[in-house]
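The values are calculated or read from the model by the stated rules, or taken from the named source; none is laboratory data. Please read all numbers here as calculations on a predicted model, not as lab measurements. Cβ atoms come from the backbone with ideal geometry, glycine included; neighbour counts cover every protein chain shown.
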Amino acid sequence: MRYEWQYSFTTKLLQFDKVVRYSIDLQKGNSDSSKKIQGFIEIRPNNKLEKTISTSGTVAVSIPFDIKEGTTMAHKIAYEFSQTMAFEFGDFQISWALLYCERIPETEQEKEEIGELTHQILQISLQTVLEKQTFNPSILNDFELQRYNPVLLKLFNEAEQKTDLIDKFLTRFKILEAEFIENNSRVPAKNQLKGSNTLKQVFYSIATSSSKNDAAFETLVDGLVDARGKCAHLKKYKYGYLPGDQRLKELQLLELQLRELSRALIRFT
C-alpha cells in the first residue's frame, strides 16, 4: 500500500504546463545512518484553463509510511518545499485548510481491502462567516475616529487580512507587545501582562461570569505568551507550530480569544 499526502497550492508568478516530479531521500535513524528511504514530491497543476491571475493545483508527497507514522513528516516536507519554492520564485502558497491522504493500492488484495474509500480527510479548518450588518453612519463621526489608537487599529486590521493562522496570531499579539511589554525589561513578558491593571480590566469587561477571576486571566496570559513562543520558534519542530500541526487547534482557540481581547482593548483605550 502506498500513501500520498495531497495539498492545494496557488502561485501568481509561476505557470506549469505539465506535472513535475522530484525525488526525495530520507535518512532513517540518526544523521550518521546510511539507511535511506526514498519518496517523491509531485507538482500537479490543474488541467483546466484558469481565467484568474493565479495558477493552482496539488502538491503530492509520497513517503513509505502509513498515515499514523507519516503525516507529521509529510507536513514538514510540504512546508519546507513550499518555503523553498517561495524563496526561489517569489510566490508559492500551500493551503492548510483542507488536508487529506490518499491510499493507493498496489495489489489486487489491497484494492479489495479498501474498496472505494481511498481518501482520508486529515484536517478541515472552518471559519465562521459573520453576518452582514446594516451600516449606521452615525457611528463614524469625527470623535469616534479620533479616539482609537491608530497603531493598534492598524495591527488589528492587518491581522484580519492574514490567511495563515500563525501570521494572524503573531500580528495580533503585537497589540499586546505595543501596549504592555517592554522588550528590554528583565521582567518576563508574562509578568508584565499580568501586572497590567488596564489589561486586567479589559479582560474582566469581556469575561463570562464563570471566568471573571484572576486565575482565568493569568491562565489566558500564560496561554497567549506560550503560543507566541511556539509561533516564533518554528525551527524547533517539537516545540514550535508548523502548518498542518494538530496543535494548531489550540492556537485557533487562542487566536479567537486574543481577537476579542484586542478589540476590547482598542475600544477601551
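All of GLY229, GLY195, GLY223 fail the test of being touching a Leu at 6+ places or on another chain (Cβ under 9 Å), free of Cβ contacts under 8 Å to residues at least 40 places away in the same chain and not hydroxyl-bearing (Ser, Thr, Tyr), apart from GLY223.
Number of residues in region 7-27 that are β-branched (Val, Ile, Thr) and free of Cβ contacts under 8 Å to residues at least 40 places away in the same chain: the value is 2.
Restricting attention to region 254-269, the residues that are crowded, with 19+ Cβ neighbours inside 10 Å and either in contact with a Lys or Arg (Cβ under 8 Å, 6 or more places away or on another chain) or without any contact (Cβ under 8 Å) to a residue 12 or more places away in the chain (or both) add up to 3. Taking region 157-192 as the range and being in contact (Cβ under 8 Å) with a residue 40 or more places away in the chain and out of contact with any helix residue (DSSP H, G or I) (no Cβ under 9 Å at 6 or more places or on another chain) as the test, only ASP164 passes. For beta carbons closer than 9 Å, sequence separation of 6+ or different chains, a first residue in region 87-102 that is at positive phi and surrounded by fewer than 12 Cβ atoms within 10 Å (Cβ to Cβ) and a second that is in a strand (DSSP E or B) and at pLDDT 85 or above, the qualifying pairs are GLY90/THR11.
If the condition is being among the hydroxyl-bearing types (Ser, Thr, Tyr), surrounded by 14 or more Cβ atoms within 10 Å (Cβ to Cβ) and under 23 Å from PRO150 (Cβ atoms), then region 173-230 contributes only SER196.
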